[in-house]
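The values are calculated or read from the model by the stated rules, or taken from the named source; none is laboratory data. Only a predicted model underlies this, so the values are computations on that prediction, with no experimental measurement involved. Every residue, glycine among them, receives a Cβ derived from its backbone with ideal geometry; neighbour counts consider all protein chains shown. Calculation scope for accessible area: heavy atoms of the full protein, side chains included, ligands and nucleic acids excluded. Shrake-Rupley method; radii C 1.70, N 1.55, O 1.52, S 1.80 Å.
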Amino acid sequence: MAAPWAAAPPEEPLAREAALLAVDAALLAGVLMRTQEEPGASQVVSYAPFTLLPSAVPSALFEQAYAVQQDFNLLVDAISQNKEFLERTLASTIKVDDFTARLFRIYTQVLEEGLAQSVFLGINRSDYMFDCGADGTPALKQIEINTIAASFGGLTSRTPAVHRQVLKMLGRTEEASRLLPNNPAQGLALGIAKAWELYGSQSAVVMFLVEEVQRNIFDQRCVENELWNRNIRVIRKRFRDVFEKGSLDDARRLYIDGQEVAVVYYREGYVPQNYDPQNWEARLLLERSRAVKCPDIATQLAGTKKVQQELTRPGTLEKLLPGQAASVARIRATFAGLYSLDLGEEGDKMAAKAIADPDCFVLKPQREGGGNNLYGEELRHVLEKIKDSPERTSYILMDKIKPRPSKNYLLRPHTPLKVSECISELGIFGVYVRQGKELVLNESAGHLLRTKAIEHADGGVAAGVAVLDTPYLV
């Protein structure tokens, strides 16, 4: 079942009028990004790209995605505490993937020294598509889980108001009333605030670790403002600032510019380009500290694609979540087919299969941030080149998910208005806080719907491909 407007979206004159209203409503609501021309300045801003109309999401699959999020929180937390599992799972990857290897070296160094950190905060986002099987029935299938810098929790809390206004203008008042409220920024801030409170110093600050140039600053400010509203002081620093001004005292408390840091919230540090030798030094300093890292380096490693693939092996979930059969069943129901490319018979077989039929698979490297996956002829070309090399172990293979497209208008600054065939991806935010061995918070914290034209295989909003959307439950 589709949204009432999916088969026949408004004709162009009406769509143009609705788009003018929608853009002004987005600016008014704060659905904002800095411009590509001036990515470091807020004097000139524009709206973050979004759909003209909300997209249909099957209500049963939406509820399923929410129902399994606390299970995924438990799973990520369990993996982050399981040194033997991480070592075994990433053994082949760290031989050929320098970025994962460097993260892993810091992880083992900090463990050998002994963890100073006793409070752990996880903010993750599990992303799904709706796979239409042979019989046409949609099924919820996980794309990935993001355990570091999961973005758009702020801006997505502001898009339902925009879509409500558009639907009302189009005479769809009843449908407008059915759009769900959604405020991930509040949920993410709740987790950060709880970690700050358990750290136990009223004068300590929360540090947002941010990129040198940040177009998506308003998304971060939404979470930041929620913390200021709780009278929690927030500072924004870069790796460079940590390297130049960061220090640890004898108790390994972290100080920047003389301020004690209770929580480090990473909105950077998830791709190799974020690091130079100084930044690696800064990362090590942060990981050695007593401050609550979101994520700590073990949790970042838990989000790698290799771990995701290993979780689909029979018996793995049961070992990580012993005695939790219901959680295991809910998690497993969301898995798409994932396959190892490790050297050996199994990997050889899968590489050959993907080369022979590349349109059935996605080739995924150990990277976050969108725009990294390979499809079709590009997949075939890369696999043919590396099929006999250890380099192939830095990738995993996944069955290609095939959602049913629907029509929508994608609103982007300086882009002509046209109807596109689109597919959507649903993300559910999860937040958990652990003190020692005790889980003190475990919640889902809202959702994110992103939509892109079908000609774009890969990439998110920050990568300039997908746009923000609002689910219309059907």
Kirkwood-based Rg over Rh for segment 227-307 (C-alpha set), two decimals?
0.97
Once neighbouring chains are kept in place and the probe is 1.4 Å, which whole percent of the accessible area of segment 332-401 is contributed by carbon and sulfur?
48 percent
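Quote the charge dipole size of segment 315-431 about the Cα centre in Debye, to the nearest 20; the model charges only the Cβ of Lys and Arg (+1) and of Asp and Glu (-1). Don't jump to the answer; show the numbers that get you there.
Numbers: 17 positive and 16 negative charges, 116 e Å.
Magnitude of the dipole: close to 560 debye.
What is the dipole size for the chain, taken about its Cα centre, with +1 at each Lys and Arg Cβ and -1 at each Asp and Glu Cβ, in debye to the nearest 20?
On the way: 55 positive and 60 negative charges, 122 e Å.
Roughly 580 debye for the chain.
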Kyte-Doolittle mean at least 1.0, axial Cα span of 15 Å or more - DSSP H helices of the chain
12-29
For segment 20-59, which whole percent of the accessible surface, found with a 1.4 angstrom probe, sits on carbon and sulfur atoms?
58 percent
Report the Cα centroid-to-centroid distance between segment 417-436 and segment 165-232 in angstrom, as an integer.
15 Å
With unit charges on the beta carbon (Lys/Arg positive, Asp/Glu negative), name the residue among Leu417, Pro390, Ile401 whose Cα is farthest towards the positive pole of the charge dipole of segment 367-421.
Leu417
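Given the rule -39500 (n - 2.57) for each run of at least 4 DSSP H residues, summed and divided by the residues of the chain, what is its mean residue ellipticity at 222 nm, to the nearest 500 deg cm²/dmol?
On the way: 18 runs with 180 residues, N = 474.
It lands at -11000 deg cm²/dmol.
With a probe of 1.4 Å, find how much accessible area the chain has per residue, and write the answer as a whole number in Å².
Working: 19240 Å² over 474 residues.
Accessible surface, normalised per residue, equals 41 Å².
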The rounded separation in angstrom of the Cα centers of segment 63-92 and segment 380-398 is 25 Å
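Per residue Cα convex hull volume for segment 89-246, in cubic angstrom? Before the final figure, lay out each step's value.
Working: hull volume 32.1 nm³, N = 158.
Value for segment 89-246: 203 Å³ per residue.
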Segment 1-17 and segment 18-51 have their Cα centres apart by a whole-number Å value of 23 Å
Which GluC sites (Glu not before Pro) in segment 186-231 sit in a loop by DSSP (not H, G, I, E or B) and have at most 15 other Cβ atoms within 10 Å of their own Cβ?
Glu212
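State the percentage of accessible surface on segment 171-265 attributable to carbon and sulfur atoms; use a 1.4 Å probe and exclude ligands, DNA and RNA. Present the calculation step by step, with values, prior to reporting the outcome.
Values: 1760 of 4250 Å².
Of all accessible area on segment 171-265, carbon and sulfur atoms account for 42 percent.
Antiparallel as a % of all DSSP beta bridges within segment 108-265, to the nearest 5?
Numbers: 14 of 22 bridges.
Just about 65 percent of them are antiparallel.
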